[in-house]
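Here the structure comes first, spelled out in structure tokens, and everything after it is commentary.
The values are calculated or read from the model by the stated rules, or taken from the named source; none is laboratory data. No experiment lies behind these values; they were computed from the predicted model shown. Neighbour counts run over all protein chains shown; Cβ positions are idealised from the backbone, glycine included.
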Amino acid sequence: MSSGMLYGGDEIGALVFDPGHHSLRVGYAQEDTPKAEIPACVGVAPDDSPKLEPEVKPDDGNVTTSSSAYKYYIDTTFLHTPRPNMELHHYMKDGMIENWDLFEKILDYSYEKIIQSESQYHPVLFSECPWNQRQKREKLTEIMFEKYKVPAFFLVKNAALAAFANGRATALVIDSGATHTTAVPVLDGYVLTNAVVKSPLGGDYLVIRSKEMLESIGIDLTPASLVANKEVVREKDKPRFTKKKISFTPSNSYMSYMIKRTVQDFQQTVLQVSDLPYDERTALNLPALHYEFPSGYHQDFGPERFKLAEGLFDHAVLGAGHLAATSAGMCDVDIRPALYSSVVLTGGNSLVQGFSERLSKDLSSRTPGSMRLKMIAANGTVERRFGSWVGGSILASIGTFQQMWVSMQEYQESGKAQIDRKCP
């Protein structure tokens, strides 16, 4: 660092961004929780607000529709309000940023409303998935330096960050999020990309299964944002509620997003993974859980709650235990003991009740006899859901990390390819 400027320290807070399929976590390094969690979804609607002055003179003829013809709705409060012609779009695909325009809208919102500070004052640490592509890494670097003028930037694999958050530099990280579950070996803070194993079973898979089950028994999944009021009804009686009066039909993407939210709440409250493979007889003897839907309909859920959650484990090749064992098996024999002795569990989907206990049982049956298995699963929901964000917060505030940043000066001298050299 020739400029002699210290990035860490108390004067200038580095920022940590941790994008995922369910949400983007953003906040200051050194803090123990993100300042905000923004849904990974943007509402786009035509902008009907009256223009105060005509942008093009009428005699000009070629009227250009600029991007200002659309309004963007970001964050829970704005997303959940139904609006005419509002379509909801996701900017992530397969763990990577796909729609850059929408993603920039989210970044603008983060700086303006959450950080409430200029981007050029804060170094930025971003998490990325282990299989992120080179051109996407370079594009993000370019956007951060060119558009946001950040003083310094760094990219780290989210699994390595989750390991740091749990006090490990070497670990086998099992990350179960919205769209997939992955097993990622981390050695001395570096991800062994050739041994990463992923499966498409995550929170969204459970949402689809739960939704099918609820609809098959005829439960009305009207989201809370469309319920004006409801009456108290007896258990399993038809709900009596009034829908909000709105003059338009909400778009399909809005409805499916809101219904997904409704089912997510059901899934997080009710589902449970049993300690042993699902067995109907045993499940019948376990206590049922009561749940009320936004429409006012309520009932007890018994064996279904275990049967649905079992989907994360009963799959021969896609179950979390199998992923972990496969991943460890692809690593060098010498480092396997170190991996098995720190299996770190992270990701919002791992918070399904009983997930960590079942994974631990599942893994111990697959662990070679000579190995010692140790599961590390943070108890707090915050630490588990925001594992990689917390790791980023720790990393960006360590003194020795300060000379690792890619500085604006380095970027100007050697361009965006710098990121591949400095952030493996």
Within segment 358-389, restricting attention to residues that are buried (at least 17 other Cβ atoms within 10 Å of the Cβ) and among the hydroxyl-bearing types (Ser, Thr, Tyr), which residue is farthest from residue 343 (Cα to Cα)? 388
Give 201, 187, 206 a once-over and let me know the one that is under 30 Å from residue 297 (Cα atoms), touching a Ser or Thr at 6+ places or on another chain (Cβ under 7 Å) and hydrophobic (A, V, I, L, M, F, W, C). 201
List pairs: first residue in segment 98-120 and crowded, with 16+ Cβ neighbours inside 10 Å and of a type in the set (A, V, I, L, M, F, W, C), second residue assigned to a helix (DSSP H, G or I) and modelled with pLDDT of 95 or more anywhere in the structure, Cβ distance under 9 angstrom, at least six positions apart or on different chains. 103/140; 103/143; 107/119; 107/143; 107/144; 107/147
Among (1) over 24 Å from the mean Cα position of the chain (by Cα); (2) closer than 24 Å to residue 219 by Cα; (3) in contact (Cβ under 8 Å) with a residue 40 or more places away in the chain; (4) surrounded by 19 or more Cβ atoms within 10 Å (Cβ to Cβ) - the single one residue 299 does not satisfy: (4)
Within segment 354-368, the residues that are part of a helix (DSSP H, G or I) and more than 22 Å from the chain's Cα centre (by Cα) are 357, 358, 360, 361, 362, 363, 364, 365, 366
Looking at 323, 271, which is the one that is surrounded by 13 or more Cβ atoms within 10 Å (Cβ to Cβ) and either in the same structural domain as residue 196 (by TED's automatic domain parsing) or of a type in the set (Lys, Arg) (or both)? 323
Subset of segment 369-397 (residues that are β-branched (Val, Ile, Thr) and assigned to a helix (DSSP H, G or I)): 381, 382, 390, 394
Give the residues of segment 227-259 that are touching a helix residue (DSSP H, G or I) at 6+ places or on another chain (Cβ under 8 Å) and within 28 Å of residue 302 (Cα to Cα), sorted by residue number. 257, 258, 259
Quick one: residue 208 ticks every box in (1) under 20 Å from residue 98 (Cα atoms); (2) free of Cβ contacts under 8 Å to residues at least 24 places away in the same chain; (3) not charged (D, E, K, R) bar one, so which box is it? (1)
Scanning for something touching a Leu at 6+ places or on another chain (Cβ under 8 Å) and either over 14 Å from residue 294 (Cβ atoms) or charged (D, E, K, R) (or both), does segment 229-243 turn up at least one residue? yes
Here is a list: 346, 367, 326. Which entry is at pLDDT below 95 and of a type in the set (S, T, N, Q)? 367
Sole miss for residue 400 among (1) part of a loop (DSSP other than H, G, I, E, B); (2) surrounded by fewer than 13 Cβ atoms within 10 Å (Cβ to Cβ) is condition (1)
